[in-house]
Amino acid sequence: MEKVIYLTKQGLKDLEEELEHLRTVKRAEVADRLKEAIEDYDMEDSTEFHFAKDEQSFVEGRIRTIENMLARVEVIESGKSNGQVQLGSTVVVKDGRDMETYIIVGTAEANNRERKISDESPLGRALLGHESGDEVEVMAPAGSFKVKIVKVH
């Protein structure tokens, strides 16, 4: 059985929009590039032709990947906290003097810049099931450290 892909409603919407863009816009752009390369150049010596073929392979691969992911999606209900950290929770943690806020998401949606961490990351895994006030030890590749959960919502 294939692994479930956990996404927030926004993550699902973003993935569906990416798929639609790839199918309708990118495919057409790549097809046009290929057509031009075939018409204008000797295909065996054409860098443009090979670049377009590589891009076509990437686009088609990404389409298949997204379709496969969408077939296994389970939507995370954000904001439904029972007081414990779970998928979809927003968690404020304190590491020494620094306070950081994270959203716990599935691996497909993790994005450090947006402070979305995977439930399978060392910090995400350590936080799951704990609640405000708990001190949690995080086992990371660079070594272990502790964080205190300030707030879960």
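Take the conditions surrounded by 14 or more Cβ atoms within 10 Å (Cβ to Cβ), part of a strand (DSSP E or B) and within 14 Å of the chain's Cα centre (by Cα) and apply them to LEU87. Does it pass?
no
Please work out which residue is modelled with the highest pLDDT, limiting yourself to the range 43-52 and to residues that are outside any helix (DSSP H, G or I) and loosely packed, with under 15 Cβ neighbours inside 10 Å.
Top of the filtered list is ASP45.
Let me confirm something: among ASN82, ASN68, which residue is out of contact with any helix residue (DSSP H, G or I) (no Cβ under 8 Å at 6 or more places or on another chain), within 25 Å of SER118 (Cα to Cα), of a type outside the set (Gly, Ala, Ser) and part of a helix (DSSP H, G or I)?
Step by step, each of ASN82, ASN68 is checked, and only ASN68 is out of contact with any helix residue (DSSP H, G or I) (no Cβ under 8 Å at 6 or more places or on another chain), within 25 Å of SER118 (Cα to Cα), of a type outside the set (Gly, Ala, Ser) and part of a helix (DSSP H, G or I).
Among the candidates GLY143, GLY129, single out the residue that is closer than 15 Å to SER89 by Cβ, surrounded by fewer than 16 Cβ atoms within 10 Å (Cβ to Cβ) and of a type in the set (Gly, Ala, Ser).
The conditions single out GLY129.
Confirm whether GLU55 is closer than 26 Å to ASP14 by Cβ, assigned to a helix (DSSP H, G or I) and either in contact with a strand residue (DSSP E or B) (Cβ under 8 Å, 6 or more places away or on another chain) or among the acidic types (Asp, Glu) (or both).
Here the answer is yes, as GLU55 does meet what is asked.
Give the range 32-42 a look and list any residue that's surrounded by 13 or more Cβ atoms within 10 Å (Cβ to Cβ) and either farther than 17 Å from GLU60 by Cα or at pLDDT 95 or above (or both), or say none.
Residues satisfying the conditions are GLU36, ALA37, ILE38, TYR41.
Examine the range 45-61 for a residue that is over 30 Å from GLY143 (Cβ atoms), free of Cβ contacts under 8 Å to residues at least 12 places away in the same chain and touching a helix residue (DSSP H, G or I) at 6+ places or on another chain (Cβ under 6 Å), and state whether such a residue exists.
Checked against the condition, which is being over 30 Å from GLY143 (Cβ atoms), free of Cβ contacts under 8 Å to residues at least 12 places away in the same chain and touching a helix residue (DSSP H, G or I) at 6+ places or on another chain (Cβ under 6 Å), the range 45-61 yields at least one hit.
If you check every pair at least six apart or on different chains, which have Cβ atoms under 6 Å apart with a residue in the range 123-137 that is of a type in the set (Ser, Thr, Tyr) first and a residue that is crowded, with 17+ Cβ neighbours inside 10 Å second?
SER132/ILE149; SER132/VAL152
Please tell me if ARG97 is surrounded by fewer than 17 Cβ atoms within 10 Å (Cβ to Cβ), on the phi > 0 side of the Ramachandran plot and outside the structural domain of VAL25 (by TED's automatic domain parsing).
In short, no.
Within the range 106-151, restricting attention to residues that are under 16 Å from ILE76 (Cα atoms) and of a type in the set (A, V, I, L, M, F, W, C), which residue is farthest from the chain's Cα centre (by Cα)?
LEU128
Listed here are the residues, each with its yes/no results for (1) touching a strand residue (DSSP E or B) at 6+ places or on another chain (Cβ under 9 Å); (2) polar (S, T, N, Q); (3) more than 25 Å from LEU15 (Cβ to Cβ).
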site: TYR41; (1), (2), (3): no, no, yes
site: THR65; (1), (2), (3): no, yes, no
site: TYR102; (1), (2), (3): yes, no, no
site: PHE145; (1), (2), (3): yes, no, yes
site: ILE149; (1), (2), (3): yes, no, yes
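The values are calculated or read from the model by the stated rules, or taken from the named source; none is laboratory data. These numbers come from a predicted model, not from an experiment. Don't worry about glycine lacking a Cβ; one is built from the backbone with ideal geometry, like all the others, and counts go over all protein chains shown.
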